[in-house]
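Peer 1: Quick one: the structure is below, and I'll ask about it shortly.
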Amino acid sequence: MNLQKCPNNHYYNSDKFPYCPHCSNSIRYKEIKKENENNPFATSYEEMQNIHIKECAPKVPTENVTPLTATSEPLFDKLTIGWLVCLTGVKRGRSYTIYPGDNHIGRNMNMNVCIKNEATISREDHAIIHYNRHSNIFTLKPNISSNPTIVNDETISEDTIINDRDLIQLGECQLLFVSLCNEHFNW
């Protein structure tokens, strides 16, 4: 993947798009596309980039802006550290992103991991996944619920360390835990 940044600070894959797809509503782009609809290769990559740069000028000042560096810690709490992938239940196939700190799991929209329409999961705080960045440990905290919290076929009643590829069952919903942060990688 060849990640590019357009003048409007959008990121896009230039292997797939010759121009920023977020800014593609520019009038000139639509005109060129219509003129060349029978020949998708009529307009070169460079031409599209020039049109894009001219017509999608930055809307925010770029002077006196501090760029992010590898040493800065921008919003650590918003970095992806893992996922839950639903294997069974109403949301089968859906993935949920896990972030640093506490990730509250339930059906309610205010939960970090909202598994809507899964009646066997508590509305609020069926369980909590916590990531400690300094120890690089994920912990699953069960909550008192009419449906138990199960990890790898064992019902848990207290905080339990979870590892990559552990199976977590909340009611009838089985989730696969996939960690991004581990002994090989950490933000």
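Peer 1: Before we move on, is His134 in the same structural domain as Gly93 (by TED's automatic domain parsing) and modelled with pLDDT of 90 or more?
Peer 2: No, not satisfied.
Peer 1: Do we find that Ile129 is touching a residue at least 40 places away in the same chain (Cβ under 8 Å) and in a strand (DSSP E or B) in this structure?
Peer 2: Spelling it out, Ile129 is indeed touching a residue at least 40 places away in the same chain (Cβ under 8 Å) and in a strand (DSSP E or B).
Peer 1: If you scan segment 146-179, which residues turn out to be assigned to a loop (DSSP other than H, G, I, E, B) and crowded, with 17+ Cβ neighbours inside 10 Å?
Peer 2: Of everything in segment 146-179, those that are assigned to a loop (DSSP other than H, G, I, E, B) and crowded, with 17+ Cβ neighbours inside 10 Å turn out to be Asp166, Gly171.
The values are calculated or read from the model by the stated rules, or taken from the named source; none is laboratory data. Everything numeric in this text was worked out from a predicted model, so none of it was measured. Cβ: placed from backbone, ideal geometry, glycine included. Neighbour counts: every protein chain shown.
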